[in-house]
């Protein structure tokens, strides 16, 4: 899947950064516990991954502490699917800084998601 421009939301009070494809509704979410904070993977009604949320986001992205507006933040995301896994690659671009490029591996089972 090609990289897409992604909508970025940041709740500074709760320290949650959300990346999502606009216009997609979430059918099912899966919570991954990671060392820096939980990450929630959102699956759409077509079973495809439509978003990702980083809890304790400033521990992943220290630049969040310095932004004054979300207009300074751009993101892209792409997903590769396997039989029972999905690899979510993302890039977050902060104004006047090197982009942060990384990925997360998540469980994936299209049949289970569609039946959920």
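A few points about this structure:
- Count of residues meeting criterion [farther than 17 Å from residue 26 by Cβ and assigned to a helix (DSSP H, G or I)] in segment 100-116: 1
- In segment 10-39, residue modelled with the lowest pLDDT [restricted to those that are part of a strand (DSSP E or B) and surrounded by 17 or more Cβ atoms within 10 Å (Cβ to Cβ)]: 10
- Residue 76 crowded, with 16+ Cβ neighbours inside 10 Å and within 11 Å of the chain's Cα centre (by Cα): yes
- Scanning segment 40-66 for residues that are over 20 Å from residue 102 (Cα atoms) and touching a strand residue (DSSP E or B) at 6+ places or on another chain (Cβ under 7 Å), we see that the one that is surrounded by the fewest Cβ atoms within 10 Å (Cβ to Cβ) is 45.
- Of all residues in segment 40-64, those being part of a strand (DSSP E or B) and either in contact with a helix residue (DSSP H, G or I) (Cβ under 7 Å, 6 or more places away or on another chain) or modelled with pLDDT under 90 (or both) number 2.
- Boolean, residue 39 is closer than 17 Å to residue 20 by Cα and within 11 Å of the chain's Cα centre (by Cα): yes
The values are calculated or read from the model by the stated rules, or taken from the named source; none is laboratory data. Small disclaimer: the values here were computed from a predicted structure and weren't measured. Counting neighbours? That spans all protein chains shown, and the Cβs are built from the backbone with ideal geometry, glycine included.
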